[in-house]
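Chemist: Okay, handing you the structure first.
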Amino acid sequence: MKERNTPVEGMRGIAAVMVVLSHFMVAFYPAAYWGDDAMSHIANGLDIKLSQSPFSIFYAGNFGVCLFFVIGGFGIASQFFGGGYKGVRRIITNRFLRLFIPVLLANGLCLVMMKMGYITAVSVSETTGSSWLRGVYSFEADWRSWLFDSYYRVMFCGDSVYNSAFWTIAYSLYGSFLVALIVVIWGGIRERWIIYAITCVVLWSMGTQGTINCNYFVAFIIGGMIADIKIHFQLKLKKIYGILLLVISCLLADYPIGVAPTNMYRFLDIGNRAAFLWHILGAGLMIFTIINFEESGRILGSRGMQFLGKISFSVYLIHMQVLGSFSTFLFQKMFESGISYSVSFTGTVALSLVLIVGIGWAVYEIIERRINKILNYMYFRVFQSERTVKN
C-alpha cells in the first residue's frame, strides 16, 4: 500500500480536533453554535457573536466532517490512480468491518458506562443550557439497542443514539463505495471529468433521502477529483496563491450552520443548504491547496500533526464517551465549587483533550492497528493472488 500523503494526514488530525472542540462548544457554550441569547454564558454576549465569527473555525465541526469526507474520497482515488485496482479492492473489501468492529466496541463501552452510572451529561445540561447535551444520552441502554444501533442505525442509516458523532460512519461507508465505483469504471477514460460533474449535480439535487443527506457525498467526489489532479497534473502553487486559497477556504469554513447569518456571510446565504455547500467547497479547496502547496507540509508534516492524523479515527471513536462522563463531571464539580463558568470550561477542555488523546493513542495501538492487521491478513488469505500487494 502506498504511504499516506503527509499534509493530508496532518489535516486529518486537525479535522478531528475541530470535531471534538465543536462538541465541547455546543455542550458548554451552545450560544456559540445556535446564536441564542437564552443560552449565553458570557455577559457581553461574546459567545453569541462567535456563532458567526471567523474565529469559529477552531470548532467548525461540520467543516471538519467535510474535510474527513474529502480526504476519504482522496484516499480511495489515490489508491486507484497510483496503483490500480488491487489497492482499491482491498480497501473496499475491508471497509465495512474496518468501520463496524470499532463502532461496536465503542458503543459497547458506552453501554457499560451508562449501566454503571458514569454518564453525567444529562444532569449537567441543566447548568449549561444545551439541549443537544440533554438529548445525547437520554435513552434506556440495553444490549439489544446496542446491537441494533451499532449495526443498523450507524452503518446504514447515518444515525446513532449511543454516539451522536457516529452519524458520519454510514457516509464514510457509502462514500467510499461510490468513489471506488466511479474510478474503477470510468477512471481510465478522458471523459471521466464529465462523470464527476454529473455525479455531483445528481447528488446535490437529491438533497436528503430518509436519514441520509446526499449532499455530503459530493465531498467524496471532490476528493476523488483532487487525487486525479494531483497524480496526473503535478501542480505546484506559488506562495501567494497558496496563502490566498487557504484564506478563502478558512472563510468558507466559518459559514455558520446553527444560525442564519446576519453579517458578511448573509451574502452567501442561498437557503437551508448553504452551510453544506460552502463547507464542502471550502474543505475541497483546503485539501487541494495543502497537497499542491509545499509550505503547508512544514506544519502538517510535523511529528505532532502526523501523530494526530494517525490516531484521528480512534479519537473520533471515544471522545463522546469522555465528554459525556469525565468532562461533564469535572465541569460540574469545578463550577459548583465556586470557580467561574469560563475557567471551569477551560480547565475541563484542557484536561479532557489530554485524556482523549491518551485514550485515542491507546485505542489505536491496542485495537485499531490490530483490527487492520487482522483484516489485511484475512484478505490476503482469501485473495491469495494479491499477496504481492504490500501492507
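Chemist: Among the residues of the range 270-302, write down those that are of a type in the set (A, V, I, L, M) and in contact (Cβ under 8 Å) with a residue 60 or more places away in the chain.
Modeler: Once the filter is applied, which keeps residues that are of a type in the set (A, V, I, L, M) and in contact (Cβ under 8 Å) with a residue 60 or more places away in the chain, the range 270-302 yields Ala275, Leu277, Ile280, Ala283, Met286, Ile287, Ile290, Ile291, Ile299, Leu300.
Chemist: Additional query: When residues of the range 284-302 are filtered for being more than 16 Å from Tyr241 (Cβ to Cβ), surrounded by fewer than 22 Cβ atoms within 10 Å (Cβ to Cβ) and hydrophobic (A, V, I, L, M, F, W, C), how many remain?
Modeler: Here the count works out to 1.
Chemist: Quick check on this structure: which one of Val88, Val122 is among the aliphatic types (A, V, I, L, M), in contact with a helix residue (DSSP H, G or I) (Cβ under 9 Å, 6 or more places away or on another chain) and farther than 30 Å from Tyr33 by Cα?
Modeler: Val88
Chemist: Starting from residues that are out of contact with any Ser or Thr (no Cβ under 8 Å at 6 or more places or on another chain) and touching a residue at least 60 places away in the same chain (Cβ under 8 Å), keep the ones in the range 345-367 and report whichever is nearest to Val315 (Cα to Cα).
Modeler: So, considering only residues that are out of contact with any Ser or Thr (no Cβ under 8 Å at 6 or more places or on another chain) and touching a residue at least 60 places away in the same chain (Cβ under 8 Å), the one nearest to Val315 (Cα to Cα) is Ile356.
Chemist: What number of residues within the range 308-335 satisfy the criterion of being touching a Ser or Thr at 6+ places or on another chain (Cβ under 8 Å), polar (S, T, N, Q) and surrounded by 19 or more Cβ atoms within 10 Å (Cβ to Cβ)?
Modeler: Final tally of qualifying residues: 3.
Chemist: May I pose another question? Has the range 336-344 got any residue that is buried (at least 19 other Cβ atoms within 10 Å of the Cβ) and touching a residue at least 24 places away in the same chain (Cβ under 8 Å)?
Modeler: Within the range 336-344, none of the residues are buried (at least 19 other Cβ atoms within 10 Å of the Cβ) and touching a residue at least 24 places away in the same chain (Cβ under 8 Å).
Chemist: Look through Leu281, Leu235 and report the one residue that is surrounded by fewer than 21 Cβ atoms within 10 Å (Cβ to Cβ) and either farther than 23 Å from Gly158 by Cα or more than 20 Å from the chain's Cα centre (by Cα) (or both).
Modeler: Exactly one residue qualifies, and that residue is Leu235.
Chemist: On the given criteria, is Phe313 part of a helix (DSSP H, G or I), farther than 27 Å from Phe220 by Cβ, in contact (Cβ under 8 Å) with a residue 12 or more places away in the chain and of a type outside the set (Gly, Ala, Ser)?
Modeler: No: the conditions fail for Phe313.
Chemist: Which one is modelled with the lowest pLDDT among residues in the range 217-232 that are crowded, with 18+ Cβ neighbours inside 10 Å and of a type outside the set (A, V, I, L, M)?
Modeler: Here the answer is Lys230.
Chemist: Search the range 233-244 for residues being touching a helix residue (DSSP H, G or I) at 6+ places or on another chain (Cβ under 7 Å) and aliphatic (A, V, I, L, M), and hand back the single one that is modelled with the lowest pLDDT.
Modeler: Ranking the qualifying residues of the range 233-244, first place goes to Leu235.
Chemist: Which numbered condition trips up Met305, out of (1) under 24 Å from Leu351 (Cβ atoms); (2) surrounded by fewer than 20 Cβ atoms within 10 Å (Cβ to Cβ); (3) touching a residue at least 60 places away in the same chain (Cβ under 8 Å); (4) among the hydrophobic types (A, V, I, L, M, F, W, C)?
Modeler: With respect to (1) under 24 Å from Leu351 (Cβ atoms); (2) surrounded by fewer than 20 Cβ atoms within 10 Å (Cβ to Cβ); (3) touching a residue at least 60 places away in the same chain (Cβ under 8 Å); (4) among the hydrophobic types (A, V, I, L, M, F, W, C), Met305 is out only on (2).
Chemist: Give the range 98-117 a look and list any residue that's touching a helix residue (DSSP H, G or I) at 6+ places or on another chain (Cβ under 8 Å) and loosely packed, with under 15 Cβ neighbours inside 10 Å, or say none.
Modeler: None - no residue of the range 98-117 is touching a helix residue (DSSP H, G or I) at 6+ places or on another chain (Cβ under 8 Å) and loosely packed, with under 15 Cβ neighbours inside 10 Å, so the list stays empty.
Chemist: Moving on to the next point. Out of the residues in the range 134-157 meeting the condition of being buried (at least 17 other Cβ atoms within 10 Å of the Cβ) and modelled with pLDDT under 95, tell me which one is nearest to Gly108 (Cα to Cα).
Modeler: Within the range 134-157, the match that is nearest to Gly108 (Cα to Cα) is Ala141.
Chemist: Let me ask something else about it. Could you tell me how many of the residues in the range 245-256 are over 14 Å from Pro7 (Cβ atoms) and either crowded, with 18+ Cβ neighbours inside 10 Å or out of contact with any helix residue (DSSP H, G or I) (no Cβ under 9 Å at 6 or more places or on another chain) (or both)?
Modeler: Here the count works out to 6.
Chemist: Would you confirm, using the coordinates I've provided, whether Ala121 is surrounded by 19 or more Cβ atoms within 10 Å (Cβ to Cβ), modelled with pLDDT under 95 and closer than 27 Å to Phe345 by Cβ?
Modeler: Yes.
Chemist: Taking Phe68 as the residue in question, decide whether it is at pLDDT below 95, under 30 Å from Thr199 (Cβ atoms) and either among the aromatic types (Phe, Trp, Tyr) or surrounded by 20 or more Cβ atoms within 10 Å (Cβ to Cβ) (or both).
Modeler: In short, no.
Chemist: Residues in the range 187-216 that are surrounded by 13 or more Cβ atoms within 10 Å (Cβ to Cβ), touching a residue at least 24 places away in the same chain (Cβ under 8 Å) and of a type in the set (Val, Ile, Thr): how many?
Modeler: 1
The values are calculated or read from the model by the stated rules, or taken from the named source; none is laboratory data. This one's a predicted model, so the numbers in the text were calculated from it and none came from an experiment. A quick note on method: Cβ atoms are made from the backbone with ideal geometry, for glycine too, and the neighbour counts reach across all protein chains shown.
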